[in-house]
Amino acid sequence: MTASLNPRVLVEEYARAAFRDPLQFARPRQDRTCPICGFTGKFLAAGPRPEARCPNCASKERDRIMGLYLDREGIRMEGRTILHFSPERPFWRRWHRLPGYVSGDVKVNKYANTQVDITRIQYSDAHFDHVICHHVLEHVPDDALGMRECARVLKPGGRAFFSVPQDLDRAETWERPPAMSVAAFERVVGRDHKRLYGRDFGDKLAAAGLRPDTIAVSPEEAERHRLGYRGLDQIYVCTR
Ligand SMILES: [Zn+2]
């Protein structure tokens with residue numbers, strides 16, 4: 001893949017990186033390749049995560065796992081119907097002009113062209129070839145209903161992609177104990193997060209009528225594309 005350069009993103013990302021962590025340019029960094037935009041070169045830090053962002057499309061580690069999978073499986077979005085919740089910008093830039101692409105969020109914004117409530121999706125059964133839902137369900141009070149709705153609008157043979165903040169040391173998802181205040185709970189799990197998922201996230205998808213699998217990557221791929229910092233984000237690919 002040859003990279004097409006995004007000058008505006010490059011300028012923004014370098015400016016931000018230079019402002020937030022100028023010393024990163026003095027630290028040793030390897031050349032990485034972004035499976036989304038094709039850029040090869042030095043990546044930029046994101047907070048405590050060194051080499052986390054592609055400077056050319058601003059992809060993060062989990063975006064690149066997703067991009068690698070789409071590439072590897074030969075999944076093309078052209079000519080497909082796609083429901084993409086709270087879209088990640090590297091993908092939005094590639095897909096937002098496709099006629100079948102719906103970018104949904106609780107409110108319409110620059111990157112979301114359609115208001116969609118994940119617990120009451122306004123599309124008919126089996127409408128979408130792909131449903132993409134990263135880091136959304138942790139904000140949804142009735143996440144089981146959200147997962148069932150995603151399953152409902154997914155075509156048989158289509159694929160739905162999910163990821164959530166997950167603590168893989170936990171067998172079970174941690175919900176707020178009744179005695180704990182919302183503020184205290186959110187200090188631990190994150191602002192507006194309703195729960196912290198454990199290893200049972202896949203079971204929850206299965207209970208919603210989906211057949212989940214996680215994306216596996218080789219150590220070489222993880223190195224080449226910089227796919228993780230402290231461990232890999234789990235991305236669940238589901239059929240129904
Ligand atoms: Zn990129």
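The values are calculated or read from the model by the stated rules, or taken from the named source; none is laboratory data. Bear in mind that the values here come from a model prediction, so they are computed numbers and not experimental data. So basically every Cβ, Gly included, is an ideal-geometry build from the backbone, and we count neighbours across all protein chains shown. Heads up: the accessible areas ignore ligands, DNA and RNA and are worked out on the full protein's heavy atoms, side chains in. Shrake-Rupley method; radii C 1.70, N 1.55, O 1.52, S 1.80 Å.
The single condition among (1) surrounded by fewer than 17 Cβ atoms within 10 Å (Cβ to Cβ); (2) touching a helix residue (DSSP H, G or I) at 6+ places or on another chain (Cβ under 8 Å); (3) not acidic (D, E) that G157 does not satisfy is (2).
Of all residues in region 14-58, those that are assigned to a loop (DSSP other than H, G, I, E, B) and either more than 22 Å from P87 (Cα to Cα) or more than 16 Å from the ligand (Cβ to nearest atom) (or both) total 7.
Looking at this structure, is L10 assigned to a helix (DSSP H, G or I) and either assigned by TED's automatic domain parsing to the domain that holds Y229 or closer than 19 Å to R94 by Cβ (or both)? Outline the logic, then answer.
Details: assigned to a helix (DSSP H, G or I): yes; either assigned by TED's automatic domain parsing to the domain that holds Y229 or closer than 19 Å to R94 by Cβ (or both): yes.
Taking the combined requirement at face value, the residue satisfies it.
Scanning region 83-111 for residues that are at pLDDT 95 or above, farther than 25 Å from H225 by Cα and part of a loop (DSSP other than H, G, I, E, B) yields R97, L98, P99, G100. Among the residues of region 59-82, are any away from the ligand (no atom under 11 Å from the Cβ), at pLDDT 95 or above and among the hydroxyl-bearing types (S, T, Y)? Checking region 59-82: at least one residue is away from the ligand (no atom under 11 Å from the Cβ), at pLDDT 95 or above and among the hydroxyl-bearing types (S, T, Y). Just one of the numbered conditions (1) under 16 Å from the mean Cα position of the chain (by Cα); (2) open to solvent by less than 30 Å² (accessible area, probe 1.4 Å) is not true of S86: (2).
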